Amino acid sequence: MAAAGTMLGTTAVQIFSDQDDVVYATYRWIEFYHHESCGKCTPCREGNYWMGQILHRILSGQGTHEDLDTLLDSCDNLLGRSFCALGDGATSPVTSSIQYFKQDYLDYIEGRKPPMFSPADHSMVGAH
Ligand code: SF4
């Protein structure tokens, strides 16, 4: 798996259709990691919180191109700097989704896709 550029992780498998929203899926992943973080180490505790905030901003139609750099910088500061594998694991959905589905992020940032959330809160404003 490493030779193929991936890993088995917890060996849990998630299957998505080509209709699923990659940015939203990544946001849900990071919300999971943020919830599960025990808070012992700063990069995991803060990194997941802030990545969730940025992903929510993008899904709210208020993201910027710089947000993608900030997400990747956050992953750089998290990967290899956490005590357990949860911190490292949180970076994979962010880095791989930006690597393989950057256009999906840009569609939200550049207004080609309607916002999923109201900026004021976490309520969904459309069916996705
Ligand atoms: S990386 Fe592990 S030990 Fe560190 S805060 Fe996250 S869950 Fe806790």
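Structure values in brief
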{"item": "Matching entry among SER92, SER82 (being buried (at least 19 other Cβ atoms within 10 Å of the Cβ) and small (Gly, Ala, Ser))", "result": "SER82"}
{"item": "Within segment 1-35, considering residues that are aliphatic (A, V, I, L, M) and closer than 23 Å to ILE109 by Cα, the one surrounded by the fewest Cβ atoms within 10 Å (Cβ to Cβ)", "result": "ALA25"}
{"item": "Odd one out for CYS44, checked against (1) more than 14 Å from the chain's Cα centre (by Cα); (2) assigned to a helix (DSSP H, G or I)", "result": "(1)"}
{"item": "Hits in segment 36-70 - residues which are farther than 17 Å from PHE117 by Cα, of a type in the set (S, T, N, Q) and more than 16 Å from the ligand (Cβ to nearest atom)", "result": "THR70"}
{"item": "Residue ID - surrounded by the fewest Cβ atoms within 10 Å (Cβ to Cβ), chosen from residues in segment 43-77 that are touching a residue at least 24 places away in the same chain (Cβ under 8 Å) and closer than 15 Å to PHE32 by Cβ", "result": "HIS56"}
{"item": "Long-range neighbours under 8 Å by Cβ, at least six apart or interchain, first residue within 14 Å of GLN53 (Cβ to Cβ) and away from the ligand (no atom under 14 Å from the Cβ) within segment 24-35, second acidic (Asp, Glu) and in a helix (DSSP H, G or I)", "result": "none"}
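Values in this text are rule-based calculations from the coordinates and carry no lab data. All values reported here derive from a predicted model rather than from experimental measurement. Cβ: placed from backbone, ideal geometry, glycine included. Neighbour counts: every protein chain shown.
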